[in-house]
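One structure is given here, and the rest of the page talks about it.
Derivation of every value follows stated rules applied to the coordinates shown; laboratory data play no part. Everything numeric here is computed off the predicted structure, so don't read it as measured data. For neighbour counting, all protein chains shown are included, and Cβ atoms are generated from backbone atoms with ideal geometry for every residue, glycine included.
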Amino acid sequence: EIAKWNPKALDLWEKFAVPENDDKESFQSSFVRHVTSTLARSVYNIDNFSAYQATAHTVRDRLIKRWNDTQQAHAEVGPKRVYYLSLEFLLGRSLDNALLNLGLKESYGEGVEDLGFRMEDVLDQEVDAALGNGGLGRLAACYMDSLATLDYPAWGYGLRYTYGIFQQRLNDGFQVEFPDYWLNFDNPWELPRLDVVIDIYFGGSVSKYTDNNGRVRAIWEGGEPIQAVAYDVPIPGYGTKNCINIRLWSSKPKRKFDLKHFNEGQYEKAVQAQMEAENITAVLYPNDNHMVGKELRLKQQYFWVAASLADIVRRFKKSEKPISDFPKQVAIQLNDTHPTLAIVELQRILVDVEGLEWDDAWDIVTDTFAFTNHTILPEAMEKWPVPVLTYLLPRHMQIIFDINLFFLQSVEKKYPDDRDLLARLSIIEESSPQFVRMAHLAIVGSHRVNGVAELHSNLIKTTIFKDFVKFFGQEKFQNKTNGITPRRWLHQANPKLSDLITEKLGNKDWLKDLFKLKQLEKYVDDPDFKKRWVAVKGSNKARLADYIKKQTGISVNSNALFDIQVKRIHEYKRQFMNILSVIHRYNLLKKMTPKQRKETVPRVVIFGGKAAPGYYIAKLVIKLINSVADVVNKDLSIEDTLKVVFIPDYNVSVAEIIVPASDISQHISTAGTEASGTSNMKFVLNGGLILGTVDGANIEIHEEIGDENIFMFGNLADKVEDLRHAHRYRNKQMDPALKAVLDDIESGHFGDPRIFVPLINTLTIGKDYYLLSDDFGSYLRAQDMVDEAYKDKDEWAKKSILCTARMGKFSSDRAIKEYAESIWNVEPIPVEEVREHKLHE
Ligand code: BZD
C-alpha cells in the first residue's frame, strides 16, 4: 500500500530494517540502545543480568524480523501446515540457542567482551523456561527445533503457565518444592499478542433447533467466557532463515470484576471470577506418567485446545478454500492424550457451527488428526468422569457419546455378537460413574497412531491397543523412534567436542546431517585424536565437578568413573535399584584390603531428578540416596574410591552441564516400561557409554553402536508378566545380595531405618512390581563389567568415539522427516527462496 503512493518510502524501510547478519558494531549499538532505552540503565548502573537482557533484546529484534518474513512467506505459498499440540514445551534457555541458530555467536561474543562482559556469565543469567515435566515436554522442544531447521511450515500450541515445574531444594535429604515464578522479570523470548484473543466457554446448556433443511441441530450456549490471550515464542531454525512459532495461551477474565458485587461491598466475590479465570493457566501439573483427575487440569486441556482450534480454523478460512480441503491444509499432531478434546471440538465446529453432515465432518476430523502415545503404564492412562465432562462441556459430552455409538456400530457390523470386544473397545468405561477413555477417543479420532520406539510401538499393538489393531488393521499403527536435537545436545552443551568434530570433518554439515558423524570412525585408532577426545571428556568432567562443588559442597575426583542417572524419579525407572547397588559396592569396598582398593576403579555416582510432590515412595528414594551419600562421602576408610552425589533441581540447563560429563549413564527401567527415553541418546551422542536394560530406545541404540560399546542386562520384556505372576502367587526367593543390602539399611547404617520401611515394603508386601530382585544379580554383573572395561583406558576411548560416531539415527531431524513424510504429508518451504522470488516479481 505504502509503495503505491510513495514508492521511495520502501527504500527507507529497507535501509532501516533490522540487520540480519549484523556484525560486532551493529550488535554493540543495539546493546547500548537497549540498556538505555529498554532497561533505563547506563554504563554506571549495569550488571550481568542487565547485560543478558540487553543482549536478549537485541537477539529478539532479529528473531522478530525472521519470524515476520517466515509468516509472510507462508502466507504467500499457502502450504499445508503442521500443528503440534503439546501441553508441555520444556524449552530451557533460549539465548545461546538463538545466537547459534542465527549464526551470531562469534560476533556477539566478541561484541559483549568489548563492552566489559563475558558471554559465559551473560548466558548464565537466563532462567529456564521449564514448562514441562520431563521427556515428553523436552521432546516437543527438540521437535520444534527440527521443524524450524528443516523449513517446515509448523506451529506449536501450548499453555503459558505462570508457574513452570517447581524448583527442587533439599532439606535434610528430603525434597522440598518451591514455586517457579519464571516471569518475575520480563521475558524477552515471547511476543505478547494482546490483539489475538479468543473467548472460551465452559458449562451452559445445549438446545435443539430445526434448520432450513428441516434437520434437527444442536446449539451450545456456554456460560461466562474466559479469554485466551496469545503469547508467541519464536523458534529459529539452524542455518536457515525459517523461524517458526509456538503460540502459548494465557487465561484472562473477560470481565475484570463483577460490578454488582463490587457495589454491594462484597469485594472478594467481585474478583472471584477474575481469579478463577486466571487460575486456568497458573500452574503446570508436576506429575509425569501419572493421571491426576483434577477438574482444573481438564479445564486447562479444553481451554488450550479450543483456543488453538479456533486459531487454526481462522487461519484456514483465510485461504478461502472449501471446508472439505481442511485436511489438505492442516495436520494436527496430538502429543499424548492431553489434547484429545481437540477431536471433539473440531467435530463440534464442523457440525454445529459450519453445518456439515456428521459423516462428512467426521472424515475431515479423522484425516486431520494423528496421535502419539508415550506410555503403557496403566496409572498414566487418562480417563475423565462423564458427570464432570457433562457439567463442564455438555455439548462435547453428547458428541463423545455419538462418536462412540457410531464407532461401536461399525465394530458390531464387522464382529457381530462379540459383546466383550465392544466393551473393551468402547470409548466409555461402563463403571459407576462412567469414564471417558481418552486414549480410545484419540485412536478412533485419528488416522495414524504411533509409539516412540520400536519396542514400545510393538508393545502397544500387542497389549493396550491390540483390539484396535484387530479392528482398524496394522497400517494405522506406526513407529516413530524419538530423537534429540544435536544443536542443543552436542554443539551447545559440549562446545569442545563440537569443535573437535568440526575440525576433523572439515565443516559443520554434521549439525544438519548427523549421519555424517560416521566419518569419525576412521580416527578410532589415531592416538592423537584419541588423546584429544579423552581430554575433552576430562574437561567436561572437571566442569561438572566444579558445579557439584558449588551446588552441594561435595568434592569429587574427576579422574574417577562418572556414573550418572538423571531423570524424573519414578519406581519404574528404578533409581532405588541403583542406590541399593551403591550400598552393595560400598560394603565390598569396606571389606577390601588397601591393596585391593588401589586396584579398583574409583567411582562417582551421580543422581538428579524431581519427584512428583505427591509421590511418597519417589520422595523416599531421594531421601535414601542422600542418606547413603552422607555416610559414604564421610567414610575416609574407603579412600575416595566411592562418592555419591544428588544434584538438586535437575532441569534443562543443568542437564547441559551433566550430559557431556558421563563415562556411564544408567537407563535401567523394568523392561517394557520406558517407552523410549531420550536422555540415553543425549549421553551416547556425547561419547558416554550406557548401562541399561533391554527397554525403549536402548535397544535401537544397541543396534546402532554395537555390542562392544554398551552394557545391557536384565530380564526381557516378554518375561515380565510371568515374573510378576511368580512374585504374586509364589513366595519368590529374594536375591541374597539384595537381601544383605536391605538388612544393612534396616540395621540403621544409613540413619533412622523407620523412614525407609514403606520403600523396602515395595519389594516385599508390594510384591516387587518393578522386579528389582529379578534383575539385581545381572545388574551387579554388568556393573563389574563396566569396572573391568574402564581399566583399559585406550579401549574405553575407542568405545566412546564409536558411540558418538554411530548416533546419526537419533537426531530429531530424522524423526521429524519421518513424521512429515509418513503421517503429516507436509513439504518444506524455503523461506529465503520465496522471499527472493517475491522481490523479483
Ligand atoms: O515421554 C516420556 C516417556 O516416559 C519416555 O519414555 C519418552 O522418551 C518420552 C518422550 O516420548 N513420558 C513423559 O515424559 N510423560 C510425561 O512427562 C507426562 C506428563 C504429564 C502427564 C503424563 C505424562
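Tabulated results
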| quantity | calculated |
| --- | --- |
| Integer Hz, Karplus 6.51/-1.76/1.60 couplings in order for the range 544-556, x for Gly and Pro | 5, 4, 4, 4, 4, 4, 5, 7, 10, x, 8, 8, 10 |
| Estimated FRET transfer efficiency (D195, Q409; beta-carbon r; R0 35 Å; 0.05) | 0.20 |
| Where only alpha carbons of the range 321-385 are counted, the Rg and the Dmax (Å) | 13.7, 43 |
| For the range 85-165, alpha-carbon Rg relative to the globular expectation (2.2 N^0.38 Å, N residues) | 1.27 |
| Net length gained if the chain between A310 and E113 were fully extended (0.36 nm per residue, minus Cα distance) | 66.3 nm |
| Within the range 336-358: backbone nitrogen closer than 20 Å to the V388 label point (7 Å, Cα to C-beta) | 336-345 |
| Across K480/K541; K643/K809; K496/K549; K105/K531; K537/K791, pairs whose alpha-carbon gap is larger than 26 Å | K480/K541; K643/K809; K105/K531 |
| Per-selection Rg to Rh, the range 293-417 - Cα, Kirkwood hydrodynamic radius | 0.97 |
| Convex hull volume per residue for the chain, taking Cα atoms only, in Å³ | 205 |
| For the range 217-325, projected area of the alpha-carbon convex hull averaged over all directions, nm² | 12.2 |
| Semi-axis lengths (Å, descending) of the ellipsoid that matches the C-alpha gyration tensor of the range 105-219 | 43, 24, 16 |
| Over the range 496-647, volume per residue of the alpha carbon convex hull, in Å³ | 152 |
| The range 627-679 versus the range 504-530: alpha-carbon centroid distance in Å | 29 |
| Rounded to whole Hz, the Karplus (6.51, -1.76, 1.60) HN-Hα couplings of the range 362-370, x for glycine and proline | 5, 4, 4, 4, 5, 6, 8, 8, 9 |
| FRET efficiency, D360 to K590 (Cβ-Cβ, R0 60 Å, nearest 0.05) | 0.20 |
| Under 29 Å from K838, Cα to Cα: lysines that are on another chain or at least 8 residues apart | K4, K8, K15, K65, K80, K241, K317, K318, K321, K328, K512, K817 |
| Alpha carbon Rg of the range 762-841, scaled by the compact-globule rule 2.2 N^0.38 Å | 2.13 |
| Segment Y181-W13, extension gain: residue separation times 0.36 nm, minus the distance between their alpha carbons | 56.6 nm |
| For the range 658-668, Karplus couplings with θ = phi - 60° (6.51, -1.76, 1.60), whole Hz, Gly/Pro x | 6, 4, x, 9, 8, 8, 10, 10, 10, 9, 10 |
| Which listed pairs, of K466/K719; K461/K719; K591/K623, have C-alpha distances above 21 Å, in listed order | K591/K623 |
| Full-stretch length increase - D526, L636 - with 0.36 nm per residue and alpha-carbon distance subtracted | 35.6 nm |
| P(r) histogram, all alpha-carbon pairs of the range 26-164 included - 5 Å bins from 0, percent | 2, 9, 16, 18, 18, 15, 12, 7, 2, 0, 0 |
| The range 3-47-the range 785-841 distance, computed between alpha-carbon centres (Å) | 36 |
| Separation between Cα centres of the range 680-695 and the range 212-246, rounded to whole Å | 39 |
| Quarter of Cα convex hull surface for the range 375-503, i.e. mean projection, nm² | 11.3 |
| Order by protection proxy (mean Cβ within 10 Å, highest first), peptides 567-579, 116-128 | 567-579, 116-128 |
| Ordering of 525-536, 623-634 by burial proxy (mean other Cβ atoms within 10 Å per residue, highest first) | 623-634, 525-536 |
| Relative packing of 742-748, 213-219, 762-768, 286-292, which averages over residues the other C-beta atoms within 10 Å, highest first | 286-292, 762-768, 742-748, 213-219 |
| Stokes-Einstein translational diffusion, the range 701-841 - Kirkwood Rh over all Cα pairs, 1.306 mPa s, 10 °C, in µm²/s | 78 |
